[in-house]
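Worksheet: one structure, shown below.
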Amino acid sequence: MGFIALSLKGRALRLLSQREHSRAELQRKLSPHVQEGEDLEAVLDDLQARDFISEARVVESVLNRRAGRLGASRIRQELQSKGLGAEAVQQAVAQLQGSELERAREVWRRKFGEPAADPQTRAKHVRFLLARGFSGDVVRRAVQGADDSDEG
């Protein structure tokens, strides 16, 4: 039992060494590997007690990796898919709202660089930003700002 439990714990630690994982993610990834007599919940409880699993670090990691490229709604989806608590997800999204327009403009600048020459191209710019999870209002203001040259 001890050796097998270690292999389950070993798999968990290997996953955690690659990037932060939520408890739900580890459960999903490790459950196919559970052998008879192993207790995945106990392994996860132990890792959580030792602070190897941290909801706050998962949120921070996602924000660091994604905020420069994605809008709040896409990041919210990603956090929810990781099985994080509603409060943690809500706080993370609230943290992003203040910089949403600035981030949308930066994503737009990196991708397109110059205002749309015609309505079709402008629509393409809008669809691009919407697909990245920026809100309609923010997208409209980001693309509008681009059309008005250097406003704000």
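State whether one or more residues within segment 41-56 are closer than 14 Å to Ala88 by Cβ, small (Gly, Ala, Ser) and within 25 Å of the chain's Cα centre (by Cα).
yes
Report yes if Val89 is crowded, with 16+ Cβ neighbours inside 10 Å and not assigned by TED's automatic domain parsing to the domain that holds Arg141, otherwise no.
So Val89 passes the test.
Can you pull out the residues in segment 114-128 that are in contact with a helix residue (DSSP H, G or I) (Cβ under 9 Å, 6 or more places away or on another chain) and part of a loop (DSSP other than H, G, I, E, B)?
Across segment 114-128, the qualifying residues are Glu114, Pro115, Ala116.
Kindly provide the set of residues from segment 99-133 that are closer than 19 Å to Arg65 by Cβ and either basic (Lys, Arg) or free of Cβ contacts under 8 Å to residues at least 12 places away in the same chain (or both), ordered by number.
Passing the criteria: Glu102, Arg103, Arg110, Lys111, Ala131, Arg132.
Which one of Arg109, Arg122, Arg105 is over 24 Å from Leu26 (Cβ atoms) and loosely packed, with under 13 Cβ neighbours inside 10 Å?
Arg109
I'd like to check something: does segment 97-113 contain any residue that is in contact with a helix residue (DSSP H, G or I) (Cβ under 9 Å, 6 or more places away or on another chain), assigned to a helix (DSSP H, G or I) and modelled with pLDDT under 95?
yes
So which of Ile53, Ile75 ends up being closer than 19 Å to Leu8 by Cα, of a type in the set (Val, Ile, Thr) and either surrounded by 17 or more Cβ atoms within 10 Å (Cβ to Cβ) or not assigned by TED's automatic domain parsing to the domain that holds Lys124 (or both)?
On inspection, the qualifying residue turns out to be Ile53.
The values are calculated or read from the model by the stated rules, or taken from the named source; none is laboratory data. Note that this is a predicted model, so its numbers are computed, not measured. Using ideal geometry, Cβ is built from the backbone for each residue, glycine included, and neighbour counts are taken over all protein chains shown.
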